[in-house]
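J.: Below is the structure I would like to discuss, written out as structure tokens.
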2 protein chains.
Amino acid sequence: MPATQEKTLGQAARSAAMRARLIAATKQSLMDSGYGRTTAVDVCARAGVTRGALFHHFPAGLPALFAATLNTVCGEIGARAQAAARHADPRHAMSAYIDTAWASFGHPDFKIVIEVWLAARNDPALRDALDPVIERFRRAATPELNAGLAAKVGRGTQDIAFYRLILEAMIGMALGRAVAADGKPMGHEKAVIVLLKEIAQARAAR
Amino acid sequence: MPATQEKTLGQAARSAAMRARLIAATKQSLMDSGYGRTTAVDVCARAGVTRGALFHHFPAGLPALFAATLNTVCGEIGARAQAAARHADPRHAMSAYIDTAWASFGHPDFKIVIEVWLAARNDPALRDALDPVIERFRRAATPELNAGLAAKVGRGTQDIAFYRLILEAMIGMALGRAVAADGKPMGHEKAVIVLLKEIAQARAAR
DNA sequence: AATTACATACATTTGTGTATGTATGTTTTA
DNA sequence: TAAAACATACATACACAAATGTATGTAATT
């Protein structure tokens, strides 16, 4: 039972657990209320604590909590991509990359990234807090800055353009899912993925 | 001079002019503050009127104003697409379509669509107000529902998948521009457009 | 004279930052 | 190894800002 566990947990572990709870509550709130309605009050209500707890663990307030949440979500996304990469067929690098990328962008959680990322555009405090996370993502997703990625997608101008096309299409589909009435997939996603793979194979066969 | 013009305008025209001013102010606010910071107070300050004027012309308040703004912006986007279509080379239907589509999605104003559209996801009142506008757009952009569009992009499963790929990539790039620090284009957009056209021609040559 | 087109004023709500209180845990010291 | 001393982890309370809806006032049109 959690009550006794909490007793025996020690304050460091308790602290980490509370941070995780607050981040999970923030994810929840972002998922079903969006950034605009994700307030400190709402998050704390979901986490079952008062704002005192939030300000204790995140003295900088909501922006810091959003940054931590985005960091967590991006970590999970990266982990999913890596897991998908393990199951991918290494004989078709580009097809494999498309699968791994869609494992990231196609996941419902990506809505969180979109919400927070878009909101940061007009909120200087949030933008500052998010900057390191965004920069980390940018480096990971830019072939010119990521040798491993470049090895997969190629280094030519055409290769990079194709890589960008893949990425932008996936972001577009992720946005479409985020604004869909119920967050359900839109139906044509699979067909687009298949088409991208066909194009990739045609390009490889050239 | 506007002062005397306003005198001789008649109340119907004045009313229309004020609505237009409020909508323009809303566009401005959405462009440089985003949805979250676009409030009735802010819009009215930009328009140089009090909230009394807003509530007079839009008794339902901000949601109605957002709907009217989105409607206006979508109209302008459609007009730009039509204008671009006139200059397009009719010999390459798909290439032409890509140009006209990018004339719409590549325009800075598309940020407004994204902001409002995404916000509507979590605001029932706004969603209700926006529903007709969104439905209109959906019908216009779905080949299965729009014969003219289907004639351009084709009716086969593959054709529609390629059409979706184009659309999603453009939406992705539009989102990227919307979240960019200064709303500037991202650099790879042109290359992606060119690549899409090449793919289109390769498909046509099959 | 009646309606339209606004402005003004007020009450209410909602969120935020901060200051202070208190219980629980942890370390230090006797 | 108690017990005192301190730190941590929250909750409570208050002052304040900003936005909203509405009600009422007033000048200009028709």
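J.: If A:PRO59 passes every condition in (1) more than 14 Å from chain B (Cβ to nearest Cβ); (2) within 21 Å of A:ASP131 (Cα to Cα); (3) away from DNA strand D (no atom under 14 Å from the Cβ) but one, which one does it miss?
T.: (3)
J.: So B:GLY148 fits all but one of (1) more than 20 Å from B:THR26 (Cα to Cα); (2) touching a residue at least 12 places away in the same chain (Cβ under 8 Å); what number is the exception?
T.: Result: B:GLY148 fails condition (2) only.
J.: Looking at A:ARG51, A:ARG139, which is the one that is at pLDDT 95 or above and surrounded by fewer than 16 Cβ atoms within 10 Å (Cβ to Cβ)?
T.: Numbers: A:ARG139 fails: at pLDDT 95 or above.
Within the list A:ARG51, A:ARG139, the selection yields A:ARG51.
J.: Sort out which residues of segment A:19-48 are buried (at least 18 other Cβ atoms within 10 Å of the Cβ) and among the hydrophobic types (A, V, I, L, M, F, W, C), and write them in order of number.
T.: A:LEU22, A:ILE23, A:ALA25, A:LEU30, A:VAL43, A:CYS44, A:ALA47
J.: State whether the residues of segment A:158-175 include one that is among the acidic types (Asp, Glu), at the interface with another protein chain (Cβ under 9 Å from one of its Cβ atoms), surrounded by 14 or more Cβ atoms within 10 Å (Cβ to Cβ) and under 25 Å from B:ARG203 (Cα atoms). Lay out the reasoning, then the answer.
T.: The first filter runs over segment A:158-175 and keeps only residues among the acidic types (Asp, Glu), leaving A:159, A:168.
Those left that are additionally at the interface with another protein chain (Cβ under 9 Å from one of its Cβ atoms): A:168.
Keeping just the survivors that are surrounded by 14 or more Cβ atoms within 10 Å (Cβ to Cβ) gives A:168.
Next cut, under 25 Å from B:ARG203 (Cα atoms) only: A:168.
Looking through segment A:158-175, at least one residue is among the acidic types (Asp, Glu), at the interface with another protein chain (Cβ under 9 Å from one of its Cβ atoms), surrounded by 14 or more Cβ atoms within 10 Å (Cβ to Cβ) and under 25 Å from B:ARG203 (Cα atoms).
J.: Tally time: how many residues in segment B:5-26 are more than 9 Å from DNA strand D (Cβ to nearest atom) and either polar (S, T, N, Q) or free of Cβ contacts under 8 Å to residues at least 24 places away in the same chain (or both)? Step through it out loud before you land on a result.
T.: Restricting attention to segment B:5-26, the residues satisfying the condition of being more than 9 Å from DNA strand D (Cβ to nearest atom) are B:5, B:15-26.
Those still in the list that are either polar (S, T, N, Q) or free of Cβ contacts under 8 Å to residues at least 24 places away in the same chain (or both) too: B:5, B:15-17, B:20, B:24-26.
Of the residues in that region, 8 qualify.
J.: Right, here's the next one. Out of curiosity, is B:ALA25 away from chain A (no Cβ under 14 Å), modelled with pLDDT of 95 or more, within 16 Å of DNA strand C (Cβ to nearest atom) and farther than 17 Å from B:ALA129 by Cα? Let's see the steps before the verdict.
T.: On the way: away from chain A (no Cβ under 14 Å): yes; modelled with pLDDT of 95 or more: yes; within 16 Å of DNA strand C (Cβ to nearest atom): yes; farther than 17 Å from B:ALA129 by Cα: yes.
It is true that B:ALA25 is away from chain A (no Cβ under 14 Å), modelled with pLDDT of 95 or more, within 16 Å of DNA strand C (Cβ to nearest atom) and farther than 17 Å from B:ALA129 by Cα.
J.: Quick one: is B:GLY36 closer than 24 Å to B:PRO185 by Cβ, within 16 Å of DNA strand D (Cβ to nearest atom) and within 14 Å of chain A (Cβ to nearest Cβ)? Steps first, please.
T.: On the way: closer than 24 Å to B:PRO185 by Cβ: yes; within 16 Å of DNA strand D (Cβ to nearest atom): yes; within 14 Å of chain A (Cβ to nearest Cβ): yes.
It is true that B:GLY36 is closer than 24 Å to B:PRO185 by Cβ, within 16 Å of DNA strand D (Cβ to nearest atom) and within 14 Å of chain A (Cβ to nearest Cβ).
J.: I'd like the full set of residues that are surrounded by 14 or more Cβ atoms within 10 Å (Cβ to Cβ) and either out of contact with any helix residue (DSSP H, G or I) (no Cβ under 9 Å at 6 or more places or on another chain) or modelled with pLDDT of 95 or more (or both), limited to segment A:1-17.
T.: none
J.: For B:HIS92, indicate whether it is surrounded by fewer than 19 Cβ atoms within 10 Å (Cβ to Cβ), more than 27 Å from B:ALA205 (Cα to Cα) and out of contact with any Ser or Thr (no Cβ under 7 Å at 6 or more places or on another chain). Step through it out loud before you land on a result.
T.: Numbers: surrounded by fewer than 19 Cβ atoms within 10 Å (Cβ to Cβ): yes; more than 27 Å from B:ALA205 (Cα to Cα): no; out of contact with any Ser or Thr (no Cβ under 7 Å at 6 or more places or on another chain): yes.
Judged against the criteria, B:HIS92 is not a match.
J.: Sticking with this one: For B:GLN158, only one of the following conditions fails: (1) at pLDDT below 95; (2) more than 22 Å from B:ALA85 (Cα to Cα); (3) out of contact with any Gly (no Cβ under 9 Å at 6 or more places or on another chain). What is its number?
T.: Looking at each condition in turn, B:GLN158 falls short on (1).
J.: Could you pull out every one of the helices (runs of 4 or more DSSP H) wholly within segment A:89-154 that has 2 or more residues that are within 11 Å of chain B (Cβ to nearest Cβ)? Walk me through it before giving the result.
T.: Values: elements: A:93-105, A:110-120, A:124-140, A:147-153.
Correct list: A:110-120, A:124-140.
J.: Modelled with pLDDT of 95 or more, away from chain A (no Cβ under 14 Å) and within 8 Å of DNA strand D (Cβ to nearest atom): is that true of B:ARG46 in this structure? Steps first, answer last, please.
T.: On the way: modelled with pLDDT of 95 or more: yes; away from chain A (no Cβ under 14 Å): yes; within 8 Å of DNA strand D (Cβ to nearest atom): no.
Considered against the rule, which asks whether it is modelled with pLDDT of 95 or more, away from chain A (no Cβ under 14 Å) and within 8 Å of DNA strand D (Cβ to nearest atom), B:ARG46 comes out as no.
J.: I'd like to know if segment A:111-129 contains one or more residues that are out of contact with any helix residue (DSSP H, G or I) (no Cβ under 7 Å at 6 or more places or on another chain) and more than 29 Å from B:ARG177 (Cβ to Cβ). Talk me through it step by step, then tell me what you get.
T.: Let us first name the residues in segment A:111-129 that are out of contact with any helix residue (DSSP H, G or I) (no Cβ under 7 Å at 6 or more places or on another chain), namely A:123-124, A:128.
From the residues that got through so far, the ones that are more than 29 Å from B:ARG177 (Cβ to Cβ) too are none.
So far as segment A:111-129 goes, no, none of its residues is out of contact with any helix residue (DSSP H, G or I) (no Cβ under 7 Å at 6 or more places or on another chain) and more than 29 Å from B:ARG177 (Cβ to Cβ).
J.: Which of the helices (runs of 4 or more DSSP H) contained wholly in segment B:27-87 include at least 3 residues that are touching a residue at least 12 places away in the same chain (Cβ under 8 Å) and on the phi > 0 side of the Ramachandran plot?
T.: Numbers: elements: B:40-47, B:51-57, B:62-87.
In segment B:27-87, there are no helices (runs of 4 or more DSSP H) which contain 3 or more residues that are touching a residue at least 12 places away in the same chain (Cβ under 8 Å) and on the phi > 0 side of the Ramachandran plot.
The values are calculated or read from the model by the stated rules, or taken from the named source; none is laboratory data. Worth saying up front: this structure is predicted, and the values here are computed from it rather than measured. So basically every Cβ, Gly included, is an ideal-geometry build from the backbone, and we count neighbours across all protein chains shown.
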